[in-house]
Amino acid sequence: MEKLLALLINRRAEVLTLLLLAIGLGLTVTAETPQRAKWLSSSSKVSGSIYQLKENLGVYFDLKQVNRRLSEENAQLREALYQSQFEKALIEGKFGNTDTLKQYVVSPAKVIKNSVIREKNLITLNKGAYEGIIQDMGVISDKGVVGVVERTSDHFSTVISLLHKDLSINAALKNTKHFGSLIWDAETIDRCTLVDLPKISNIQIGDTIVTGGMSSVFPAGIPIGQVSAYSIPNNSSFYKAEIRLFNDMSNLDQVYVIKNTLKEEQVSLENQTNGF
């Protein structure tokens, strides 16, 4: 206590100045003066800004949670859709007595890197082996096919984009089910080419192209694009069609990775069978 008193006595000028400043400020903001009005107005603005910032931050983090929930719900809906297609095949007798089997598992992911200017474009996702992502899984968005998983690490995966000159995807006319192979000619980022489509397919401008379901990567019926032009090369029995993609491949964000739980069984059987 003695030391405190000694300090106050030694610093009495500074203490007195602070005391008088506090008294003056108190009289200013409590008296009915223009200064009081300005003080209250300024303090209200500061408080309002703080509350607005707090609200904006709350909305921001709430939106992140809402987006995450929506992504998970969309994945579940897509999974249910593909499962219903599989169960329909069971009912029609296209599979054996395995009606309790779940064929497709769908997981949401985010695109964190994407290239469109190369001949072999790749995409990086924020999900990897820890989330069950493995090589050769199909990747789609809410608009259609994106690509196929190439490699994975624990927390990331790379995807062979549709805009990759070495990628070929089984694709079909939605109306007639005639199928061919979808490839990219490395010329434009919004177009691919459908080749080996038979003459009897009766293709038309504006026809929708979807996955054909002839591979173990994608379920049948996932949108790809629309026919914008077609021709029959000389001495050929097949159409060559230009397909305008539904996806803007330069603006990808939310995607879904599809796991076919029957893939190993299918591939194993095909490898043992002549002609595949």
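In the set (1) at pLDDT 95 or above; (2) in contact with a His (Cβ under 9 Å, 6 or more places away or on another chain); (3) open to solvent by 60 Å² or more (accessible area, probe 1.4 Å); (4) hydrophobic (A, V, I, L, M, F, W, C), the condition left unmet by Ile200 is number (1). Given the structure, is Ile117 free of Cβ contacts under 8 Å to residues at least 12 places away in the same chain, out of contact with any helix residue (DSSP H, G or I) (no Cβ under 6 Å at 6 or more places or on another chain) and either over 24 Å from Asp207 (Cα atoms) or open to solvent by 30 Å² or more (accessible area, probe 1.4 Å) (or both)? So Ile117 fits the description; yes.
Do the conditions hold for Val195, that is, is it open to solvent by 10 Å² or more (accessible area, probe 1.4 Å), over 22 Å from Glu270 (Cα atoms) and in a strand (DSSP E or B)? Judged against the criteria, Val195 is a match.
For segment 205-232, give me each residue that is loosely packed, with under 15 Cβ neighbours inside 10 Å, at pLDDT 95 or above and not in a strand (DSSP E or B). Answer for segment 205-232, where residues must be loosely packed, with under 15 Cβ neighbours inside 10 Å, at pLDDT 95 or above and not in a strand (DSSP E or B): Ile205, Gly206.
The residues listed here are Asp154, Asp185; of these, the one that is part of a loop (DSSP other than H, G, I, E, B), within 22 Å of Asp136 (Cα to Cα), touching a strand residue (DSSP E or B) at 6+ places or on another chain (Cβ under 8 Å) and open to solvent by 10 Å² or more (accessible area, probe 1.4 Å) is Asp185. Looking across segment 162-178, the residues that are under 13 Å from Ile243 (Cβ atoms) and part of a strand (DSSP E or B) come down to Leu162, Leu163, Ile169, Ala171, Ala172, Leu173. Which of the residues spanning segment 233-261 are surrounded by fewer than 16 Cβ atoms within 10 Å (Cβ to Cβ), touching a residue at least 40 places away in the same chain (Cβ under 8 Å) and in a loop (DSSP other than H, G, I, E, B)? Result: Asp248, Ser250, Asp253, Thr261. Quick test of your reading of the structure: Val146 fulfils all but one of (1) at pLDDT 95 or above; (2) open to solvent by 10 Å² or more (accessible area, probe 1.4 Å). Name the failing condition by number. It is condition (2) that Val146 fails.
The values are calculated or read from the model by the stated rules, or taken from the named source; none is laboratory data. These numbers come from a predicted model, not from an experiment. Virtual Cβ from ideal backbone geometry, glycine too; neighbours counted across all protein chains shown. Note: areas computed on protein heavy atoms with side chains; ligands, DNA, RNA excluded. Shrake-Rupley method; radii C 1.70, N 1.55, O 1.52, S 1.80 Å.
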